[in-house]
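Values in this text are rule-based calculations from the coordinates and carry no lab data. Small disclaimer: the values here were computed from a predicted structure and weren't measured. Note that each Cβ is placed from the backbone with ideal geometry, even for glycine, and that neighbours are counted across all protein chains shown.
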């Protein structure tokens, strides 16, 4: 059955955008920029973050530059679906690496419903390994933006998040006292030194 011309004009097309990179690379800043532009375009937006991320605020997504936007903290990715009505145009998700792989299905469901989904998160953990659901999200996303920080040792582009404190936990919330962005060469040097 073919759709009439006026019916095809009302179909919403959804997609997934991923913004990834190291700590201090501007991921959240880019997420906020895109969400603010959607608001200017009079689109209805909803923003989510993991409930464990309370570094700057319990109820806002906040960049390192202290730009902020109200958000809903959720315990699991599946909780996001409970907050989405049919009139939502854009969904923003910050710190995606802290969610489990159910985030992939949630993002797919939202995009399949015609919603633009913008996800920001660390692509690698402090050991340089792919972090949480981020690799799979990048595989299914229509658009990927990799942002870079500046290496704190040499000034080159940085894409590693080096943990400066001792901890074997995968998730340690922190800022400049706990982490520094490093380029590949400086990161490798630091990792070799820490093993000797």
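Can you put 89, 100, 123, 168 in order of Cβ neighbours within 10 angstrom, beginning with the fewest?
Ranking 89, 100, 123, 168 by Cβ neighbours within 10 Å, fewest first, gives 168, 100, 89, 123.
Measuring from the lowest to the highest alpha carbon on each principal axis, how far does the range 12-148 reach, largest first, in angstroms?
Projected onto its principal axes, the Cα set of the range 12-148 covers 40, 30, 26 Å.
Could you check the simple spin-label distance between residue 41 and residue 100, using points 7 Å along Cα→Cβ, in nm with one decimal?
My value for the distance between the label points is 3.4 nm.
Report Rg(Cα)/(2.2 N^0.38 Å) for the range 104-196, keeping two decimals.
1.27
Please figure out what share of the DSSP beta bridges in the range 12-148 is antiparallel and state it in percent, rounded to the nearest 5.
Around 15 percent of the beta bridges assigned by DSSP in the range 12-148 are antiparallel ones.
Ranked highest first by average number of other Cβ atoms within 10 Å, how do 27-33, 154-160 line up?
Ranking, from highest mean packing down: 27-33, 154-160.
Neighbouring Cβ atoms within 10 Å as the yardstick, rank 118, 140, 84 fewest first.
Ordered by Cβ neighbours within 10 Å, fewest first: 140, 84, 118.
Each label point is 7 Å from the Cα along the Cα-to-Cβ direction; what then is the distance between the points at residue 150 and residue 165, in nm?
A separation of 2.5 nm, rounded to one decimal place.
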